[in-house]
Each structure stands twice: as structure tokens, then as C-alpha cells.
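Visitor: Before we start, here is the structure in question, set down as C-alpha cells.
The values are calculated or read from the model by the stated rules, or taken from the named source; none is laboratory data. Every value quoted in this text rests on a predicted model; they were computed, and no experiment measured them. Cβ atoms come from the backbone with ideal geometry, glycine included; neighbour counts cover every protein chain shown.
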């Protein structure tokens, strides 16, 4: 803000602060005309306990808000969306459970039903589809495979998967309870894109072995669940000529149909009947009918078979715990799944709430997703989070409330009870085709992101993307996840550890207009012998550790972008002015560091001034002794006022006015 248009109401010096109202510098002028009444006229907070409890219960259980107000005219759209969504969800659940997690098919359906119903009760997003996701299912399957490879006789795959899902839910729930919903902003887009790209290629390579009917041959070659993607790629290149003809044909036709419909839907977004066309369900039904009719099982086509049989809906139970020595691996993987899952889910919830003009809370979404996964783990399901592609289908199909997700969960329960035997002849190659196409479209945004990175020259983002991608592809899925999460946290810590400060200068041709020099170096000039530093954010323990070094670098070069190996461009100043108008608060650690900085300046005979000190900061300045050290006469409301004081001091020192 220019100094001549500054509306700050701070005193000319600190001695005048005693007549100010408390926090007056934070209250707009039009709000200080008359005192506020003792009770807010619009305060409808209930005073009795039960009314307050009912209000809070509706807040934390959104179903108590939308269900009593639910209108029948919304049901048709929600039901149609649920049916359309189920045509995709059920085959995906079967695929992810069997092909990625290596569990029975029923666990994919329980991973749909219970999280969807639970989220409809606790969740706020009306369009988000909650269910199993390929990257998260692959992490579960990879963890199981790794434990079986190391301790084959000690691990029960189902108990491991259910217990990990339970811990995923607990971690997510605790993130919401401790109000850490802001963490979704900490995951760099480049890191997330690199991880998703790596996961997509890992899954595609893994499923290609099933698509070409090379499972038995891969076992003979020593390829197992713990093998790296590079080993699988080498195997595929060397054995592609041995692909099973029938499996390859079924896979090729399935992938072609699914891909073609995806492309057609993308090119005709306004044709609703095309958007609702259930190509996945049709491919599944057609493949089951043809496999049974032509007896393709006898020709070597792998099918689900009796693995789909179940005695009914699983009752809630606590999974058996493995030996303590395995718990560390489980907890680390569960934490990574929780972070990756909620980052995508919160982004989806925000996107559709903005599009349809309603409010979502990231913290309450975390609680809802946490409870959904806890229930899924207790009922023998796999992790479930939001899906971008399914949520898009849900929205286009007409979902306007959480009823669509609730109905989709009920349909999955009915599938467990009545439809599982119908999947006996479902070819595994078709399930792998569904997964292959789903993860292929995870790569859809990669070209756009890469083009943008090259367009603006964001080479650091490109490096982060490549590091995460290569770690996921070459080393392991778990390592890639760990790299993505760790680098995001480290980059966030690094950025927050540096205080945002800038050098101010006077606009040429003016006397009282001051702006950051970096904004326009040609039109803004340094003041001789005076350094004006603007602090652009609150100062606290995390971002003041580097404050002394950054101030010194600004003193020497005037700009943080100049490399310290260059020759200093500025001479030492005799006066320094801190503009702290953009610093609403400061903590004890930062005050102590400021005290040391001022003492160091005084030791060099540098006069220190503060401008626009807020009321909260002023109290700490006074209590710490910083105000006494600086002097109340060195506090001003405008930079121009401080400059006038500097000029007067110069005249007293040197007997002449230096412009």
C-alpha cells in the first residue's frame, strides 16, 4: 500500500497509545462509531443443554440436516446416479480386491457398501463417490505381498488388509479430530502427479501379465508380488510372444470397448444418455455370458470361480493382530494411505461444493472418511476414499444429495447377498481390463501438467515429479509414497522457516510514497544511508530462525534473488526502519530474536525505528523490554513520518539536511 493512501490509525509515537481503544488498529473506522450491545441481536445460540445438544448433533451428523428436508423430486436423480455409479463401482470393487489386494471378491464389495453408507451419514459432500481406489488397493496388496515374502507363515492376508484398513480409518479420524484438514494443501501438485503417474504405470505393468495370460509363465520365471516393475517389464518384453491367445483377445476387446466409450463420453459431455451408458457393466455381463456359453474356462481363460462365494454380509469384528515386529510396517503404510487418500478426497469435496454452492469442512470430511474406513476394516473391507472419475459420473448422473451414495452402498449390500454367485464365470482378464483403463486415465492430466511446467520453466517442480516417479517405479510403491509425503512436508517446513521480508524504496519523483523495490526497480530508489524493511507476515518461532541472516543479505544486496557470491551492492546504513503493519502478531521467540537484532544494530550505531506496530505486538514489545530499547519516540504510524525523523536526526548529527 502507498504511504499517502494509508488508513492506519496508529499514534504518532508510543506515548499516544494509552488513549487508543483496545485493538483499535484492527477495527475498521465505521465499526467504532457506537459501542456494541452486550448481546448480539442475531445470536440464536440455545441456552438449554438439550437444545444445544440437538444443534451440535445436526452439525456433526449432516444426515440429520439433509434427510428431514429431503424432497421426493430429488430421489429420481439420486437413484439414477446410484444405479449408474453401481454399474462402475461393483466391477471396480471386484477388480481391486482380487487383482490388486489378492483377496476374495466379497471384500471389494464390503469396501464399497459400508464406507458409502457411513459417509452418507457423516460426510458433507453431496457428489463425492467414496469407495476403493486403485493406488490405495495396490498399496494394500503390495504390503501383503511384502510381508508374505518375508514371513510367509506368519501373515493372514485378510486379517492384515482389514487391520490396515482399520488403522487407515483411525489415522484419518485423528487428523480430523485434531483439525489438521489444512494438510491437504501441503502436498505439492508436482509430487502428487509424479506419484500418481508412477502408480499408474506400476499397475499397468502388473495387470499386463494378466491381460496376456502370462500368470503361470511369470511364476516359473520367479516373478511374484514382491518383484519390481522393472523386473515385470523385462519379463513382458521377453515373453510377449508366449501370450495366451484367448486371454489376449478378451482383454484387447474389453480394453478397446472401455477406452472407446471413455473417449466418446469425453467428446460428448452434454449428451446425458451417453454419459450414463454403463459400458463397464455391459462388458462384465457379456464376458460372463460368453465364457459360460462357450466354456472358455476349458480353453485356459482364468475366471473368478468359487472365490466369490460367501455366506452373507460380514458381521463387525476386530481383525487379529500380527506379531509386534510387523506392526511398524503396517502403521507406516496405513499412515501413507491415509495421507494420499484424504488429499484427493478433500480436493474433490472442495471442487463440487464450489460448483454447487454449498459448504464443506476439511476437518469434518476427515472425520467422516475416518469413520467410514474404521467401519470398513471392522466389516472385512478395504480402504475407501473419494474418486475423481466416479464423482464426475455421480454428478453428471444427477446426484444432488448424499442419498446417491447411500443408495449405492445399499446396492452393494444387495450384490453381496444375491449377485456374488453370478460372477463365477467372470474372466480375470476383464477385471484387469477395468483396472488397466481406470489407471490409464490417471495419466490424462500428465501432458497438461508437463506442458505448464515447461511453459513457465518450473524446473524444481519437474525435478520433484521425476524423483517421485522414479522412486515409485524403480524402488517400490511404498518408497515412492514415503518420498512424496516426506518431500512435501520438508518443502513446507523450508518455505515457512524463511520470513517474508522485503526492502522498501521511495517512488521516484515523490516524497512520501514507498513501495517494495522488487516491484519496479527502475521506478523505485533506495534511500541513502536508510534501510526500510517491510515484514510481510506474522513472526513466530518457525520463521525467525533465519531472520538475522536474511536481514544481513538484504543490507548487502537489497534483493534476496542476488547470489551472495556477488559483490555487495549497498553500503552499510546508519538507519533502519521496520514496517510491521502486515505483522498482526508475534510470539515470544520472535520478540527475543528482534531484541537481539536491535541490540546488534545499536552496537553498530544504527538507529532503529518501527512503523505501524499493532496493539498485540506492542504489548509484547513493552513486556520484553524491546520498546524501552528502541525508544517510544522511535515508533511511528507511517514510513514517511519515520523518514522525517531520520532527516531531523541527520541534521542534528551533521548540521545539514541530506536528501
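Visitor: Answer yes or no: is there a residue in region 129-145 that is assigned by TED's automatic domain parsing to the domain that holds residue 415, touching a strand residue (DSSP E or B) at 6+ places or on another chain (Cβ under 7 Å), farther than 24 Å from residue 426 by Cα and not in a helix (DSSP H, G or I).
Guide: Taking every residue of region 129-145 in turn, at least one turns out to be assigned by TED's automatic domain parsing to the domain that holds residue 415, touching a strand residue (DSSP E or B) at 6+ places or on another chain (Cβ under 7 Å), farther than 24 Å from residue 426 by Cα and not in a helix (DSSP H, G or I).
Visitor: Can you work out which of the residues in region 197-228 that are surrounded by 19 or more Cβ atoms within 10 Å (Cβ to Cβ) and in a loop (DSSP other than H, G, I, E, B) is nearest to the chain's Cα centre (by Cα)?
Guide: Among those that are surrounded by 19 or more Cβ atoms within 10 Å (Cβ to Cβ) and in a loop (DSSP other than H, G, I, E, B), it is 223.
Visitor: Condition check: out of contact with any helix residue (DSSP H, G or I) (no Cβ under 9 Å at 6 or more places or on another chain), part of a loop (DSSP other than H, G, I, E, B), free of Cβ contacts under 8 Å to residues at least 60 places away in the same chain and surrounded by fewer than 24 Cβ atoms within 10 Å (Cβ to Cβ). Does residue 73 satisfy that?
Guide: no
Visitor: Are any residues in region 354-374 assigned to a loop (DSSP other than H, G, I, E, B) and either touching a helix residue (DSSP H, G or I) at 6+ places or on another chain (Cβ under 9 Å) or not assigned by TED's automatic domain parsing to the domain that holds residue 95 (or both), and if so, which ones?
Guide: 358, 359, 360, 361
Visitor: Same structure again: Those residues that are surrounded by 14 or more Cβ atoms within 10 Å (Cβ to Cβ) and either under 34 Å from the mean Cα position of the chain (by Cα) or not assigned by TED's automatic domain parsing to the domain that holds residue 589 (or both), I need them from region 506-532; list them, please.
Guide: 516, 518
Visitor: Could you list, in sequence order, all residues of region 376-389 that are in contact (Cβ under 8 Å) with a residue 60 or more places away in the chain, surrounded by fewer than 23 Cβ atoms within 10 Å (Cβ to Cβ) and assigned to a helix (DSSP H, G or I)?
Guide: Matches in region 376-389: 378 only.
Visitor: Just wondering, is there one or more residues in region 253-260 that are out of contact with any strand residue (DSSP E or B) (no Cβ under 7 Å at 6 or more places or on another chain), over 27 Å from residue 416 (Cα atoms) and touching a residue at least 40 places away in the same chain (Cβ under 8 Å)?
Guide: yes
Visitor: Only one of 434, 503, 416 is on the phi < 0 side of the Ramachandran plot, surrounded by 16 or more Cβ atoms within 10 Å (Cβ to Cβ), modelled with pLDDT under 90 and touching a helix residue (DSSP H, G or I) at 6+ places or on another chain (Cβ under 7 Å); which?
Guide: None of the other options fit; the residue is 503.
Visitor: Are any residues in region 337-353 closer than 21 Å to residue 59 by Cβ and either without any contact (Cβ under 8 Å) to a residue 60 or more places away in the chain or touching a helix residue (DSSP H, G or I) at 6+ places or on another chain (Cβ under 7 Å) (or both), and if so, which ones?
Guide: 342, 345, 346, 349, 350, 352
Visitor: Here's another thing I want to ask about it. For the structure I just gave you, tell me whether residue 633 is farther than 17 Å from residue 528 by Cα, over 46 Å from the mean Cα position of the chain (by Cα) and either modelled with pLDDT under 95 or surrounded by 14 or more Cβ atoms within 10 Å (Cβ to Cβ) (or both).
Guide: yes
Visitor: Can you pull out the residues in region 112-148 that are within 14 Å of residue 164 (Cβ to Cβ) and within 22 Å of the chain's Cα centre (by Cα)?
Guide: 132, 136, 137, 138, 139, 140
Visitor: So, one more: Do we find a residue being crowded, with 18+ Cβ neighbours inside 10 Å and modelled with pLDDT of 90 or more anywhere in region 307-315?
Guide: no
Visitor: Could I ask something else about it? Only residues that are within 24 Å of residue 142 (Cβ to Cβ) and surrounded by 15 or more Cβ atoms within 10 Å (Cβ to Cβ): list them for region 475-500, please.
Guide: 475, 476, 477, 478, 480, 481, 482, 483, 484, 485, 487, 488
Visitor: Here's a follow-up. Just one of the numbered conditions (1) closer than 29 Å to residue 347 by Cβ; (2) outside any helix (DSSP H, G or I) is not true of residue 163; which one?
Guide: (2)
Visitor: Sticking with this structure for a sec: Any residue at all in region 179-188 that's in a helix (DSSP H, G or I) and surrounded by 21 or more Cβ atoms within 10 Å (Cβ to Cβ)?
Guide: no
Visitor: Looking for whichever is surrounded by 20 or more Cβ atoms within 10 Å (Cβ to Cβ), within 24 Å of residue 83 (Cβ to Cβ) and either in contact with a strand residue (DSSP E or B) (Cβ under 8 Å, 6 or more places away or on another chain) or not assigned by TED's automatic domain parsing to the domain that holds residue 230 (or both) here; the options are 117, 112. Which one fits?
Guide: The conditions single out 112.
Visitor: Given (1) touching a helix residue (DSSP H, G or I) at 6+ places or on another chain (Cβ under 8 Å); (2) assigned to a helix (DSSP H, G or I), identify the lone condition not met by residue 102.
Guide: So residue 102 meets the others, but not (2).
Visitor: Let me ask you something else. Hey, does region 602-620 have a residue that's buried (at least 18 other Cβ atoms within 10 Å of the Cβ), over 40 Å from the mean Cα position of the chain (by Cα) and assigned to a helix (DSSP H, G or I)?
Guide: no
Visitor: Evaluate the following for residue 192: is it surrounded by fewer than 22 Cβ atoms within 10 Å (Cβ to Cβ) and either over 30 Å from residue 359 (Cβ atoms) or modelled with pLDDT under 95 (or both)?
Guide: Yes; evaluated as a whole, the condition is true for this residue.
Visitor: Can you tell me which of (1) touching a strand residue (DSSP E or B) at 6+ places or on another chain (Cβ under 7 Å); (2) without any contact (Cβ under 8 Å) to a residue 40 or more places away in the chain is the one residue 394 doesn't meet?
Guide: Among (1) touching a strand residue (DSSP E or B) at 6+ places or on another chain (Cβ under 7 Å); (2) without any contact (Cβ under 8 Å) to a residue 40 or more places away in the chain, residue 394 violates only (2).
Visitor: How do the pairs read when you match residues in region 445-463 that are within 17 Å of residue 484 (Cα to Cα) with residues anywhere that are loosely packed, with under 12 Cβ neighbours inside 10 Å, using Cβ under 9 Å and keeping only pairs 6 or more apart or on different chains?
Guide: From residues that are within 17 Å of residue 484 (Cα to Cα), the pairs are 462/454.
Visitor: Now for a separate question. Name, by its number, the condition in (1) closer than 29 Å to residue 150 by Cβ; (2) part of a helix (DSSP H, G or I) that does not hold for residue 319.
Guide: (2)
Visitor: Let me ask something else about it. Assigned by TED's automatic domain parsing to the domain that holds residue 135, touching a strand residue (DSSP E or B) at 6+ places or on another chain (Cβ under 9 Å) and over 30 Å from residue 212 (Cβ atoms): does that describe residue 377?
Guide: Criteria not met by residue 377.
Here's the yes/no breakdown for (1) surrounded by 13 or more Cβ atoms within 10 Å (Cβ to Cβ); (2) assigned to a loop (DSSP other than H, G, I, E, B); (3) modelled with pLDDT of 55 or more; (4) at positive phi:
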position	(1), (2), (3), (4)
43	no, yes, no, no
51	no, no, yes, no
69	no, yes, yes, no
80	yes, no, yes, no
90	yes, no, yes, no
